[in-house]
1. Scan (1) open to solvent by less than 20 Å² (accessible area, probe 1.4 Å); (2) small (Gly, Ala, Ser); (3) modelled with pLDDT under 95; (4) under 30 Å from PHE250 (Cα atoms) for the single condition SER4 breaks and write down its number.
2. Considering THR44, THR60, THR64, which residue is of a type in the set (Ser, Thr, Tyr), modelled with pLDDT of 95 or more and under 22 Å from VAL225 (Cα atoms)?
3. Look through the stretch 66-113, keep the residues that are part of a helix (DSSP H, G or I) and aromatic (Phe, Trp, Tyr), and return whichever of them is nearest to ASP127 (Cα to Cα).
4. Name the residue that is most open to solvent (accessible area, probe 1.4 Å), counting only residues in the stretch 75-112 that are farther than 20 Å from ALA162 by Cα and polar (S, T, N, Q).
5. Scanning the stretch 175-197 for residues that are among the aliphatic types (A, V, I, L, M) and over 18 Å from the mean Cα position of the chain (by Cα), which turns out farthest from GLU135 (Cα to Cα)?
6. In the stretch 7-48, what residues are buried (at least 18 other Cβ atoms within 10 Å of the Cβ) and among the aliphatic types (A, V, I, L, M)?
7. Quick one: count up the residues across the stretch 142-186 that are open to solvent by less than 90 Å² (accessible area, probe 1.4 Å), in a loop (DSSP other than H, G, I, E, B), touching a Gly at 6+ places or on another chain (Cβ under 7 Å) and not aliphatic (A, V, I, L, M).
8. I want to confirm something. Restricting to the stretch 187-229 and keeping residues that are aliphatic (A, V, I, L, M) and surrounded by fewer than 21 Cβ atoms within 10 Å (Cβ to Cβ), which single residue is farthest from SER174 (Cα to Cα)?
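The values are calculated or read from the model by the stated rules, or taken from the named source; none is laboratory data. Since we're looking at a predicted model, the values are computed, not measured. Glycine gets a Cβ as well: all are built from the backbone with ideal geometry, and neighbour counts include every protein chain shown. All accessible areas refer to the heavy atoms of the entire protein, side chains included, with ligands and DNA or RNA removed. Shrake-Rupley method; radii C 1.70, N 1.55, O 1.52, S 1.80 Å.
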Amino acid sequence: MQLSHYLERLGVAQPTPSTSALDPGYSPLEFDSHLAQSGHLLSTVKLSMACWMIANEASTRAKTATARQLGVTTVTGGGPYEVAATQGVFFEYLDLCADIGVDRIEAGDGFTDVDLRPDDVVRAAADRGLEVQFELGKKHGGRFDDDGVSALIEQGRAWLGAGARQLVIEARESARAVGLFDMDGRFNADLSERFVDAFGMGVVVFEAPTKPAQFALLDHFGPEVQLANVRFEEILRVEIYRRGLHSDAFRNPKLRPQVPTASR
C-alpha cells in the first residue's frame, strides 16, 4: 500500500503547501537532502538574512538551482533589501538576486526607514523577473498593539496594491517580545485575526520560528495557516501537526483527521 493511499484512508487532508522553510546557512548537501524529502510540503524556502551573500557563491547558486528543479520558490530575506536600499545599491541588489537565480525578494523596513515606494520596488523587481513579498513590523519594536496593527494593515494594503504577492508578519527567530508574541512567547490571537480579516489566509504569512509559536498558530487557525521561519529539521514535525497526526493536534477538532464515511 502506498503512503498516499494510507493517509487518505486515515482521513488526512492534503492542504496546499503553506510552510516557508528557513535556510540560515545550511550546506548545499543538507539543503538538497531536505528539499528532496520535504520540498513538496513547502510554499517557499527563504535564504535567510545575508548568509547567502558571504557563502561560497557556487554553493548559493547550487541551492537556487536545486530549488528551481524541484519547483520550490526561493526568496531572499528582508535584511539585505534594507541594507541595499540604505546604501544606495538597490538596483544592483535586484540584479544580483536575478542573476543568482532566486524567484522572489522580501522587502521591509524592520530596522531601517527605507525611502522607496512600493510601486517602484515591485516594478523594478518585475523588470528582472522577480516577485516581491513584504514583511510587516519592526525587528526591535517590541510587541504589536491595536494602533500599530492598524498602521501595519494600511502599509500592507499599499504593498498589495502595488503587486506584492504576500505579507509576512514579523517574529524574528525568537517569537518573544516581538510582533504578535509577548516576552514569554504567548501568542496574541485577537491581533493575528485582524491581519487575516484584512488580507485573507492566502496572503498573510506568520513567522513561527519556535515549536510553541507553530503549534499555537495551527491550533488557532487550523491547517490552512501559512507559517514561515521554520527550520528544515522542523518541517516534518510542523506538517504532521498541520495534518492532525501529532498527539497534541489529534485532540484538536480543527486538525484531527476526518475519517471518510465509507471507511467507518
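1. Among (1) open to solvent by less than 20 Å² (accessible area, probe 1.4 Å); (2) small (Gly, Ala, Ser); (3) modelled with pLDDT under 95; (4) under 30 Å from PHE250 (Cα atoms), SER4 violates only (1).
2. Selected residue: THR44, the only one of THR44, THR60, THR64 that is of a type in the set (Ser, Thr, Tyr), modelled with pLDDT of 95 or more and under 22 Å from VAL225 (Cα atoms).
3. Applying the filter and picking the extreme gives PHE91.
4. The extreme case among them is GLN87.
5. MET183
6. Once the filter is applied, which keeps residues that are buried (at least 18 other Cβ atoms within 10 Å of the Cβ) and among the aliphatic types (A, V, I, L, M), the stretch 7-48 yields VAL12, ALA21, LEU22, LEU35, LEU41, LEU42, VAL45, LEU47.
7. So the count comes out to 2.
8. Only one residue tops the list, namely ALA198.
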